[in-house]
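The values are calculated or read from the model by the stated rules, or taken from the named source; none is laboratory data. Keep in mind the model is a prediction, meaning the values are calculated, not measured. FYI the Cβ positions are ideal-geometry reconstructions off the backbone, even for glycines, and counts take in every protein chain you see.
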Amino acid sequence: LNEASVAVHRRPRVAILSTGDEVVDIGGQLRPGQIRNSNSYTIAAMVKRCGGVPVLLGVARDTSEDLRAKLDGAGDPDMFVTSGGVSLGDYDTVKDVLRSEGSIDIWQVRMKPGKPLAFGTIGSAPLLGLPGNPAAALVSFEQFGRPAMLKMLGRKDVRIPEVTARLTERITNHGRRRHFVRSVLTRGEDGFEVRTTGIQGAAILSAVVQSNCFLVVDETCDVVEAGTMVTVQLPDEGI
C-alpha cells in the first residue's frame, strides 16, 4: 500500500462503578441482605468484547463522600458506567452526586428489563447509569453502552445485528414496554426458530447465561402468539 502511517481510533477507557451498601466485592463476606458485585465484572467483560479498556473503580457506599472519591479516582476516562442507585425508591445519593458532578439528561426508558436508566455527563465524558439488577444491567448495556463504544471506535453501523425467526411459544408482555426477552435461537427446517429461556426476572442471570439472543417484543404488543415471525437481536455478532 506504500503508506507510512494510517489513521486509527484509540481504545476507549471505560470507568465502571457499582454502588450500594448491600453490594459486596469478590473476596468479601456476605451478610444477610447483601449481594455479590457481579455487575462490575459483567460490564468489564462486555467493554473488552466491544474493544474498550475497562477501569474497575470497585463499589461505592451510599454516601456522597465515598461516591465522589471513587469517581475522582477514575482519572480521565472516555466514558463512565455505573450500576445501581437510579431506580425509583433508591437513595437519592447517587442521583444527587451525579448531578453535582455533571448532568443527568435522561432518567427511565420504556423497556424491560432496564426501565431505570440514566444518561448524562461527568465532566466531558458521557455517563451511562445502569440499573442494579444484573440481567437488567446487561441488557441495558447492550442496547446503549455497546453502540456508544462502537461509535467511539469509528464504526459506522453500531446496531445489533438482527434476524427474523418463528416464535415457538406464546409470550405475554405486560406494562407497555419494549421487552428484550432472553432467548435461544436455532435453525429449523424452515428457517430460524426462537424460544425463551424461561422466567425473565431482571435479577435472574441464569436466563442470560442460557440465551444466545434477545427476542424483541414491541411495546405496543400485549401478546405474541406461537408461530408469529419476530425480530431477534444477536449481540455476539457484529463486534
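Out of VAL97, VAL59, which single residue is in contact with a Ser or Thr (Cβ under 6 Å, 6 or more places away or on another chain), among the aliphatic types (A, V, I, L, M), over 19 Å from PRO12 (Cβ atoms) and modelled with pLDDT of 95 or more?
Details: VAL97 fails: modelled with pLDDT of 95 or more.
The conditions single out VAL59.
Criterion first (assigned to a loop (DSSP other than H, G, I, E, B) and either of a type in the set (Gly, Ala, Ser) or surrounded by fewer than 12 Cβ atoms within 10 Å (Cβ to Cβ) (or both)) does ALA207 satisfy it?
No, not satisfied.
For SER140, indicate whether it is assigned to a helix (DSSP H, G or I), of a type in the set (Ser, Thr, Tyr) and more than 24 Å from THR231 (Cβ to Cβ).
no
Could you go through segment 149-159 and let me know if any residue there is β-branched (Val, Ile, Thr), more than 13 Å from the chain's Cα centre (by Cα) and under 19 Å from VAL216 (Cα atoms). Before the answer, list the steps.
Keep residues of segment 149-159 that are β-branched (Val, Ile, Thr), which gives 158.
In the following step, the residues that additionally are more than 13 Å from the chain's Cα centre (by Cα) were identified as 158.
Adding the requirement that they be under 19 Å from VAL216 (Cα atoms) leaves 158.
The answer is yes; a qualifying residue exists.
Only residues that are part of a helix (DSSP H, G or I) and touching a residue at least 40 places away in the same chain (Cβ under 8 Å): list them for segment 143-175, please.
Just the residues of segment 143-175 that are part of a helix (DSSP H, G or I), to begin with: 143-152.
Matches in segment 143-175: GLY145, ARG146, ALA148, MET149, LEU150, MET152.
Can you tell me how many residues in segment 43-56 are within 14 Å of LEU128 (Cβ to Cβ), hydrophobic (A, V, I, L, M, F, W, C) and in contact with a Ser or Thr (Cβ under 9 Å, 6 or more places away or on another chain)?
Qualifying residue count for the region: 1.
Among GLY20, GLY51, which is the only one that is within 20 Å of the chain's Cα centre (by Cα), in the same structural domain as GLU142 (by TED's automatic domain parsing) and buried (at least 20 other Cβ atoms within 10 Å of the Cβ)? Steps first, please.
Details: GLY51 fails: buried (at least 20 other Cβ atoms within 10 Å of the Cβ).
Answer to the check: GLY20.
Go through (1) exposed (fewer than 13 other Cβ atoms within 10 Å of the Cβ); (2) within 20 Å of VAL208 (Cβ to Cβ) one by one and return the number of the condition GLN29 breaks.
(2)
Please enumerate the residues belonging to segment 9-42 that are β-branched (Val, Ile, Thr), in contact (Cβ under 8 Å) with a residue 60 or more places away in the chain and either under 14 Å from LEU128 (Cα atoms) or in a loop (DSSP other than H, G, I, E, B) (or both).
Answer for segment 9-42, where residues must be β-branched (Val, Ile, Thr), in contact (Cβ under 8 Å) with a residue 60 or more places away in the chain and either under 14 Å from LEU128 (Cα atoms) or in a loop (DSSP other than H, G, I, E, B) (or both): VAL14, ILE16, THR19.
Among GLU193, GLU142, which is surrounded by fewer than 20 Cβ atoms within 10 Å (Cβ to Cβ), out of contact with any Asp or Glu (no Cβ under 8 Å at 6 or more places or on another chain), acidic (Asp, Glu) and not assigned by TED's automatic domain parsing to the domain that holds ILE35?
Answer to the selection: GLU193.
Restricted to segment 145-157, and to residues that are touching a Leu at 6+ places or on another chain (Cβ under 9 Å) and at pLDDT 95 or above, which residue is surrounded by the fewest Cβ atoms within 10 Å (Cβ to Cβ)?
ALA148
Look at ALA45 and say whether it is assigned to a loop (DSSP other than H, G, I, E, B) and in the same structural domain as PRO147 (by TED's automatic domain parsing).
Working: assigned to a loop (DSSP other than H, G, I, E, B): no; in the same structural domain as PRO147 (by TED's automatic domain parsing): yes.
So ALA45 does not fit the description; no.
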